Amino acid sequence: MIRRIGKLLGRVLLAVGVLVALLLSPVAYNELACRPEGAAQPYTALLPEADHRPEARTYLTYPEWHIVHAYDDYSEVVRTGDPHQFGFAKATLGFWSSLCDLSRVSAAYGGFPWETKQMVYVIGISFSAEMLAKAAYEETLGRLFVTLRGAEPADLDTLSAGQARDYAEFLQQTPWYKWDFRADADALRAAATPALRDRERRVALGIEYRVKAAYAQAIAAAVSSVGPDALRLRLVAKDLPETLPEGVAVIKALPEGTIIETPRYRALTHILIDLAVSGTNFVEIAGNDDIMLTVIANQAEIANAQSTMARQGYGDFRHIVGLRVPDLAQRLRDYEKQGLKVEHIHDY
């Protein structure tokens with residue numbers, strides 16, 4: 001009996017060890033095969049040091065946004081389909097492959113700071129574990145319950161698809177750990193019918209939501225101990241309109257332009273597009289003269305794209321484009337004329 005327990009324990013430990021090695025292998029690969037290349041070009045900033053943010057982060061923030069985009073893709077897939085139709089492995093590989101590409105170019109923009117790298121690795125491992133767990137369930141038991149359900153979605157399929165869409169939109173501006181996962185679990189429980197698929201969704205997604213709620217609470221506590229990241233940044237612009245977008249404040253006039261302060265994250269994207277369309281030109285952002293953005297297009301190739309990937313559920317492509325800050329406004333105006341959608345301008 002003791003021998004049998006020992007064998008079982010050994011197998012469990014082996015499985016855990018294999019899983020840990022699998023989750024850590026992309027980190028090892030990135031450290032060994034994706035080393036930064038090149039050297040940073042000197043630039044004399046107009047903004048004071050206190051207003052600077054590391055330039056490399058315009059590239060290194062993308063892996064975080066890849067996760068945001070993955071949840072958006074997932075919500076689009078389940079809007080008309082079922083969870084097992086989402087490419088969980090594709091989303092995971094996209095995170096690590098984009099991180100590798102951007103790690104290599106980061107040297108030209110100041111390198112990959114270790115504190116940033118640690119944060120990216122932690123979220124990458126967490127994301128990979130989540131995608132692995134969801135794939136293991138949705139592509140086996142989840143698919144079985146879909147087959148038993150039939151072609152028509154159950155009530156909780158529709159409800160959970162709406163929750164996925166709301167969550168994807170929430171992530172555009174707010175950290176994931178502030179989402180109320182317990183409220184989603186409670187909503188599933190309240191709306192569940194006796195139908196087999198509803199009962200399965202209530203249990204499976206209820207467990208997922210409550211695990212995320214506990215993890216989110218731990219992350220929120222960790223963030224509160226070090227303080228949240230800044231929510232606003234400063235940039236230098238010229239040819240500003242008389243009426244500025246909401247949330248934008250004028251700080252100081254310089255010979256080269258005007259220092260303004262704006263919100264960060266998704267709000268910044270909309271503000272920069274609005275300003276560019278109105279005729280504004282940008283000189284410097286957060287002490288930097290280079291910036292990265294993502295563009296959505298129906299075609300698989302656009303000019304100056306550094307990386308391209310297909311979006312799940314949409315049938316189009318996301319292009320990563322790097323450019324100089326002084327060229328940003330004209331590029332935004334050109335995209336507007338070409339009918340291309342600027343998805344996100346990555347600040348620092």
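The values are calculated or read from the model by the stated rules, or taken from the named source; none is laboratory data. Fair warning: this is a prediction, and the values are worked out from it, not measured in the lab. Using ideal geometry, Cβ is built from the backbone for each residue, glycine included, and neighbour counts are taken over all protein chains shown. Note: areas computed on protein heavy atoms with side chains; ligands, DNA, RNA excluded. Shrake-Rupley method; radii C 1.70, N 1.55, O 1.52, S 1.80 Å.
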Filter pass, GLN172 being without any contact (Cβ under 8 Å) to a residue 40 or more places away in the chain and within 30 Å of ILE345 (Cα to Cα): no
Checking ILE5 against (1) modelled with pLDDT under 90; (2) farther than 16 Å from SER106 by Cβ; (3) open to solvent by less than 30 Å² (accessible area, probe 1.4 Å), the condition it does not meet: (3)
Residue within region 15-26 that is touching a residue at least 40 places away in the same chain (Cβ under 8 Å) and surrounded by 18 or more Cβ atoms within 10 Å (Cβ to Cβ) present: yes
Identity of the residue in region 239-254, assigned to a loop (DSSP other than H, G, I, E, B) and not charged (D, E, K, R), that ends up farthest from ALA276 (Cα to Cα): GLY247
Some residue of region 29-44 being touching a residue at least 12 places away in the same chain (Cβ under 8 Å), under 28 Å from THR258 (Cα atoms), surrounded by fewer than 18 Cβ atoms within 10 Å (Cβ to Cβ) and under 24 Å from the mean Cα position of the chain (by Cα): no
Region 303-339 - residue that is in a loop (DSSP other than H, G, I, E, B) and touching a residue at least 60 places away in the same chain (Cβ under 8 Å) and, of those, farthest from LEU293 (Cα to Cα): GLY313
Near pairs, Cβ below 7 angstrom, 6+ apart or cross-chain, from region 60-87 (modelled with pLDDT of 95 or more) to any residue that is assigned to a helix (DSSP H, G or I) and among the acidic types (Asp, Glu): PRO83/GLU138; HIS84/GLU138; HIS84/GLU139
Test result for GLU115, charged (D, E, K, R) and more than 29 Å from THR44 (Cα to Cα): no
Residues (in a helix (DSSP H, G or I) and closer than 11 Å to ASP82 by Cα) located in region 153-163: ASP157, THR158, SER160, ALA161
Residue satisfying all of: in region 181-214; surrounded by 13 or more Cβ atoms within 10 Å (Cβ to Cβ) and out of contact with any helix residue (DSSP H, G or I) (no Cβ under 8 Å at 6 or more places or on another chain); nearest to SER126 (Cα to Cα) among these: VAL211
Any chance LEU254 is open to solvent by less than 30 Å² (accessible area, probe 1.4 Å), under 17 Å from GLY287 (Cβ atoms) and either modelled with pLDDT of 95 or more or among the aliphatic types (A, V, I, L, M) (or both): no
